[in-house]
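Below: the structure, in structure tokens.
The values are calculated or read from the model by the stated rules, or taken from the named source; none is laboratory data. Every value quoted in this text rests on a predicted model; they were computed, and no experiment measured them. Here the Cβ positions follow ideal geometry from the backbone for every residue, glycine too, while neighbour counts run over all protein chains shown.
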Amino acid sequence: MRPSKREELIRSALVVFYREGFHSTGMDRVAAETGISKTAIYKHFRTKEDLILATLRLRDETFRYWFFGRMEKLSPEPLGQLLAMFDVLGEWFSTEDFSGCMFIKAASEFQSITHPIHQQSAEHKRLLERHIEKLAKEAGITDAIGLARQLLLLKEGAIVSAHLGHTTNPARDAKKAADALLKIYA
């Protein structure tokens, strides 16, 4: 089935916002990049922030589906998936269009924790943490919450390091640290 104009707009705007940022991308730029007039854009979204929220929802769904799916493909066991998470990060970092984490960027640009865009970004991280916690429980880890939080910190640090480009292989480095943590918790 062909995507609707609204879906096409969200997908195209996501690419622009991810590449160029939120505040620095005006609606004229979105219109030029998507080929959809500003009038048509505003028929679908009352404000630029509404469009940003829609792109974040799409990115959340597609990223988690891909990320968790790759983890499962690399390892059928929960403990293995926790380590595979860092291999998947390495795959993502090596893609041509890797430009950091869209949610970290959004939370940085919309810094108030009460702002809906900041809250949407934080929710994405909470959903990732819940999945990591679930895997840790399935792996028989007693303090699954503690391990999930620490693994998420390693994951987020690897993303920032990869985006900054100041280390050679942050996914591998984070995986080594995760392996050491798993030995403590297991």
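Details
- Subset of the stretch 1-22 [more than 17 Å from LYS105 (Cβ to Cβ) and surrounded by fewer than 19 Cβ atoms within 10 Å (Cβ to Cβ)]: MET1, ARG2, PRO3, SER4, LYS5, ARG6, GLU7, GLU8, ARG11, SER12
- Pairing residues of the stretch 91-111 that are under 17 Å from LYS48 (Cβ atoms) with residues that are part of a loop (DSSP other than H, G, I, E, B), at Cβ distances under 8 Å and at least 6 apart in sequence or on separate chains, gives LYS105/GLY21; LYS105/PHE22; ALA106/PHE22; GLU109/GLY21; GLU109/PHE22; GLU109/HIS23; PHE110/PHE22.
- Within the stretch 137-186, restricting attention to residues that are closer than 21 Å to GLU77 by Cβ and not in a helix (DSSP H, G or I), the residue that is modelled with the lowest pLDDT is ALA186.
- Selection status of TYR65, farther than 21 Å from LEU154 by Cβ, in contact with a Ser or Thr (Cβ under 8 Å, 6 or more places away or on another chain) and of a type in the set (Phe, Trp, Tyr): no
- With respect to the conditions (1) touching a residue at least 60 places away in the same chain (Cβ under 8 Å); (2) within 17 Å of the chain's Cα centre (by Cα), LEU182 falls short on a single one, namely (2).
- For the stretch 53-60, the criterion of being surrounded by 15 or more Cβ atoms within 10 Å (Cβ to Cβ) and within 30 Å of TYR185 (Cβ to Cβ) is met by at least one residue.
- The residue list THR95, THR39, THR25 contains one member that is exposed (fewer than 15 other Cβ atoms within 10 Å of the Cβ) and in a loop (DSSP other than H, G, I, E, B), which is THR95.
- Residue satisfying condition, being modelled with pLDDT of 95 or more, among the polar types (S, T, N, Q) and more than 23 Å from LEU152 (Cβ to Cβ), within set THR25, THR39, THR55, THR95: THR25
- The set of residues from the stretch 101-128 being in a loop (DSSP other than H, G, I, E, B) and surrounded by 15 or more Cβ atoms within 10 Å (Cβ to Cβ) comprises CYS101, PHE110, HIS115.
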